[in-house]
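What follows is a single structure, written as structure tokens, with notes after it.
The values are calculated or read from the model by the stated rules, or taken from the named source; none is laboratory data. Here the structure is a predicted model, which is why all the values come from computation and not from measurement. Please note: Cβ atoms are built from the backbone with ideal geometry, for glycine as well, and neighbour counts cover all protein chains shown. Ligands, DNA and RNA are excluded from the accessible area calculation, which covers all protein heavy atoms including side chains. Shrake-Rupley method; radii C 1.70, N 1.55, O 1.52, S 1.80 Å.
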Amino acid sequence: MITYNEQNQTFTLYTCNTLYQMKVDHYQVLLHTYYGPRIEECDLSYLIQCADHSFSPNPNETGYDRTYSLDVMPQEYSTCGVGDFRLPSVELELPNGSRSANLRYTGYYLQKGKYTLPELPAFYSGEEDAETLIVCLEDAAAQVTVKLYFGVFEASDLITRAVQIVNQGTETIRLCRCASLCLDLLRTDMDLITFNGHHLMERCLDRAPLRPGIQSVGSIRGASSHQHNPFVILCDHDADEEKGLCYGAMLLYSGNFEAAVECSQYESSRFVMGIHPYHFCWTLAPGESFTSPEAALVCSPCGFAQMSRQFHRTIRNHLLRDPYSHRRKPVLLNSWEATYFDFTADKLVEIAKEASLLGMELFVMDDGWFGSRNDDNSGLGDWRINKTKLPEGLESLVAKINDMDMAFGIWVEPEMVNENSDLYREHPDWVLHIPGRSPARGRGQLVLDFSRKDIRDHIYRQLQAVFSSAPIAYIKWDMNRSLTDVWSAALPAERQGEVYHRYVLGVYDLLERLHHDYPHILIEGCCGGGGRFDGGMLYYTPQIWCSDDSDAVDRLKIQYGTSFCYPPSCMGAHVSAVPNEQNGRITPLETRGVVAMSGAFGYEMDLKKCTKEEKAEIRRQIQLYKTHYDLICQGDYYRLSSPFENPSFTAWEHVSADKREAVVSLIFGNQRPASPFHRLRLKGLDASLQYQVNSGEKLYPGSTLMEAGYPLPPVQKDYQSLQLYLTAGS
Ligand code: DGJ
């Protein structure tokens, strides 16, 4: 629910458990007055106290009242250059060379349902699931309107934000910064949690108390990156899974981003999130507008578990556009770690035969099927079948796979080109490059200028020819390097600051075309694993390959960190061979199965090399996954024990909405001599129900399992696993 109280000039956004309030003050400044647990409505601006603070300037219209300063007032969208020295949200460069922004309230609109954003991913809703508030601010001197968009998903405690900047004047101006979200809080006693890493180890949780100054994470790599994720948490120092106030903030954007918190001099904090200002500058001619990517906030008054569940539910129901939203996704076999570039159609068919016999339902031909692609350094850009590897063509291969009752999927990397390709030989000027410099290579490849529609059209025509030539059920869209030499031959000098963002819009454009033209195809995102795992990509690719590290033990950390925002059904997770290709670790096949089946499940190995016993185990795992699919992919997710804190074991749980069913998964650490016995306390059960564990005869009260726990068996080998299936007795 959204209300406007005319007398107090307050806007109040209600969700089931939270309340968010803004107020237009007597200088028409839009203040942020409160965001937190739901409380009785009143004008919360009484919380803001004013005093004369030296060196904090006073807006001209306050006369000689020295107690009012933008430098200390909590604001809904921060300005710059006119008396607030904290993190700015918006920066405008006018024709006279000035750089500032000064905003005053002018009006608002309310709408049923959730707003949409042109060319950008956004949460969606029907008329009944969400409401929209648009608050208009104006910079009179710049003749610019700033529209703040708020989407309220009441049931899931989720509030979305986006911003539109409109040039209402008669001269061209430049927008040098445009955050999606600004959140001013009257406190600094909080921790900042971020999710960081590198290729092969993404989204590892880091937690640190806020300290004076600015703390930030971000990416200037052109993709949201392996290094930092556009999802962060601000929380009470003692917040944990079950208690404490926490704010989760995600940005639905797949390019350069920044998430920064500043603790200011008078113990307030400002959190700003949006497109990274590095090399960002957007020209706005008279009448033109710019729309920021969307950000989404969830405030949980009772810890991380509730916050994650709200994100998971809203992402599943209002962000993903998944052809499998109402049916089970197929269990897949991916060819990459089985063959790398070294395959023929016959070899793939042999592997697929094994996969089909074991119950797999989708065969994915990964990298290596096109152009002259026999290694990293050639072929990208030539999206035509390699006739040496597939002499009878794609249609014939797909027909053979379909005959085995398996669907067929294919890998592409549309944004890239190798110099050794026909495309590059014909159009060497199509890559991102700075005149006079030779562009840096990454994995031996260059980046196509996806800010240009003519280039995207050319690539799309090639892709269409492939995707329409045979019944394709799945596409893996990969991206294997960071952007460098970012300059576009199609834009004038003063517009080069637009290229990074136009590139991302170009990627979204092509993905949207695919979604539109092939709505039945499941698209999996990938960026050397999880280098572009963000809410923006999830709108187009409802699952994303979590990491190129497929080792089950490393995956515990990666999937744990990922789960704070993103639902398990989005996390591409495969069982691969041992010793693991990335780190040489040997883990039991059961353990690899338990870890992978907690996400979008598949295998990535040469099944012909498996023993009879291993095949029997794989068959068992697939059967189990199929049986518990709804629970795993639609149920509520609980983290029971953190791989970052507990060396003895990592555990998690999926619980059905009616709490009558649960699956608990647990992976032990290294075996230790005379290791102690442990008990695991479960979560999310119905305290009043009795549960049967793994079809045993004994019934355990839900309250007992949650408070006293369940005894874990002795550990007999490294990385041993355990799965418990709980069903409520009648
Ligand atoms: C990187 C991906 O993450 C891998 O799964 C695989 O598809 C390779 N690219 C292929 O080049």
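Values as computed for the structure displayed
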| read-out | value |
| --- | --- |
| Given charges at beta-carbon only (K, R positive; D, E negative), |dipole| of segment 13-95 in Debye | 180 |
| Convex hull (Cα only) mean projected area of the chain, reported in nm² to one decimal | 33.1 |
| Long-range HN-HN contacts of residue 366 with modeled amide H, under 5 Å | 335, 336 |
| Alpha-carbon centroids, segment 485-539 and segment 678-719: separation in whole Å | 46 |
| Kirkwood hydrodynamic radius (C-alpha pairs) into Stokes-Einstein, segment 2-318, 4 °C and 1.567 mPa s, D in µm²/s | 65 |
| FRET E, pair residue 6, residue 267, Förster distance 30 Å, beta-carbon r, rounded to 0.05 | 0.40 |
| Using distinct alpha-carbon pairs, which all enter the 1/r mean, Kirkwood radius of segment 230-346 in Å | 18.4 |
| Only Lys, Arg (+1) and Asp, Glu (-1) charged, at Cβ; segment 34-149 dipole about Cα centre in debye | 220 |
| Furthest towards positive pole of dipole, 484, 583, 120, structure part the chain, Cβ charges | 583 |
| Long-range tail of P(r) for segment 18-127 (Cα pairs > 24 Å, %) | 40 |
| At R0 = 45 Å, FRET efficiency that the Cβ-Cβ distance of residue 461 and residue 64 yields, to 0.05 | 0.10 |
| Stretch gain in nm, segment residue 347-residue 186, where the contour uses 0.36 nm per residue and the Cα spacing is subtracted | 51.7 nm |
| Alpha-carbon Rg with Dmax, taken over segment 480-628, Å | 18.8, 65 |
| Centroid-to-centroid separation of segment 59-109 and segment 572-641 [C-alpha atoms, Å] | 54 |
| Accessible area per residue, Å², the chain with all protein chains present, probe 1.4 Å | 37 |
| Length-normalised contact order for segment 639-728 - Cα pairs under 8 Å, 6+ apart - percent | 33 |
| Stretchable slack from residue 708 to residue 211, in nm (0.36 nm times residue separation minus alpha-carbon distance) | 175.1 nm |
| Cβ-placed point charges (K, R +1; D, E -1), dipole of segment 150-274 about Cα centre in debye, nearest 20 | 600 |
| Extension gain, residue 512 back to residue 109 (0.36 nm per residue minus Cα-Cα distance, nm) | 142.2 nm |
| The chain: relative contact order as a whole-number percent, Cα under 8 Å and 6+ apart | 10 |
| Segment 656-674-segment 313-338 distance, computed between alpha-carbon centres (Å) | 24 |
| Percent carbon-and-sulfur accessible area, the chain, ignoring ligands, DNA and RNA, probe 1.4 Å | 49 |
| Distance between modelled label sites at residue 660 and residue 619, nm, 7 Å Cα→Cβ extension | 3.1 |
| Heavy atoms of residue 284 accessible to a 1.4 Å probe, total area in Å² rounded to 10 | 0 |
| Evaluated at q = 0.11, 0.15, 0.24 Å⁻¹: base-10 log I(q)/I(0), Debye formula over Cα of segment 639-728 | -0.30, -0.55, -1.22 |
| Value at 222 nm in deg cm²/dmol, rounded to 500, when DSSP H runs of n ≥ 4 in the chain each add -39,500 (n - 2.57) | -5500 deg cm²/dmol |
| Separation of the residue 485 and residue 699 label points, Cα + 7 Å toward Cβ, nm | 7.1 |
| Residue-level accessible surface for residue 642, protein heavy atoms, 1.4 Å, Å² | 10 |
| Estimated FRET transfer efficiency (residue 119, residue 727; beta-carbon r; R0 56 Å; 0.05) | 0.75 |
| Area accessible to solvent at residue 266, 1.4 Å probe radius, in Å² | 100 |
